[in-house]
Amino acid sequence: MVRGAAHVAQVRRQLGSRIRALRDALDLTQEVIADRIELSAKYVSQLECGQRSPSLATVVALAHDGFGITLASLMFGIDEELEAEMKELSDALAGWPKEARRALLQLIMLVLRGGAGQLPGAGQVRADVDRPRRRGESPGSLPEARTQPRR
C-alpha cells in the first residue's frame with residue numbers, strides 16, 4: 001500500500017490522467033478548459049502532469065464548468081445514470097452463489113481493463129473458433145451434442 005507523499009503524488013497523477021483523457025475525448029485544448037474554469041492553461045497543464053494538487057473548488061469547477069459532468073464522473077469515472085442497470089444486474093444475480101458472483105465480477109474487471117487475452121481458457125475459445133467444421137455446419141454454429149458415446 002502506498003502511504004504519505006507517495007500516495008498524494010499517485011492520486012495527483014491519476015487525476016491528471018483522467019483530466020487529460022476527458023479533454024482528449026472531447027477534443028478540447030488546455031486553453032478552452034482554462035477559460036471555462038477561469039484559470040491559466042499552464043495550471044491545467046500542471047494538473048494533467050500531476051505537478052499540482054487542485055483545491056476542491058477547482059476540481060468541482062473542472063467537472064461542472066470544464067467538462068459538464070458530475071464530480072463522481074471526473075474523479076472515479078462513475079456514470080451516475082447506471083442505477084437502473086445496476087439494479088437489473090443485481091436482480092439477475094440474486095440467486096447465484098457468492099463464489100460465482102465473485103468470479104463473474106473478476107471476469108468483468110479483466111474485460112474492462114482490456115485483459116481479455118489474459119483470461120484463463122481464452123486460447124481455448126480461439127481454438128474452438130478455428131477448428132475444422134463438419135459437413136453442413138455453418139461458421140459460428142456449435143456442433144450438435146452426441147447422443148451416443150464414441151466407440
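Each value in this text was obtained by applying a stated rule to the coordinates, not by laboratory testing. Computed from a predicted structure; not experimentally measured. Cβ coordinates were reconstructed from backbone atoms using ideal geometry, including for glycine residues, and neighbour counts include every protein chain displayed.
How long is the gain from residue 46 to residue 26 if the chain were fully straight, where each residue apart is worth 0.36 nm and the alpha carbon distance is subtracted?
Length difference between fully extended and current span is 5.3 nm.
Whole-Hz Karplus ³J(HN,Hα) for region 33-50, in order, using 6.51 cos²θ - 1.76 cosθ + 1.60 and θ = phi - 60°, x for Gly and Pro?
4, 4, 4, 5, 9, 6, 9, 7, 5, 4, 5, 4, 4, 5, 5, 4, 8, x
Under 5 Å between amide H atoms, partner at least 5 residues away or on a different chain: which partners does residue 39 have, H built in plane at 1.01 Å?
Counting only residues 5 or more places away or on other chains, the set is empty.
Cα centroids of region 52-75 and region 1-41: how far apart, whole angstrom?
For region 52-75 versus region 1-41, the Cα centre distance is 9 Å.
If amide H atoms are built 1.01 Å from N in the plane of the peptide, which residues on other chains or at least 5 residues away come under 5 Å of the amide H of residue 78?
73
Using a 10 Å cut-off on Cβ atoms, rank the peptides 20-31, 64-75, 86-97, 3-14 from the highest mean neighbour count down.
The densest-packed peptide leads the list: 64-75, 20-31, 3-14, 86-97.
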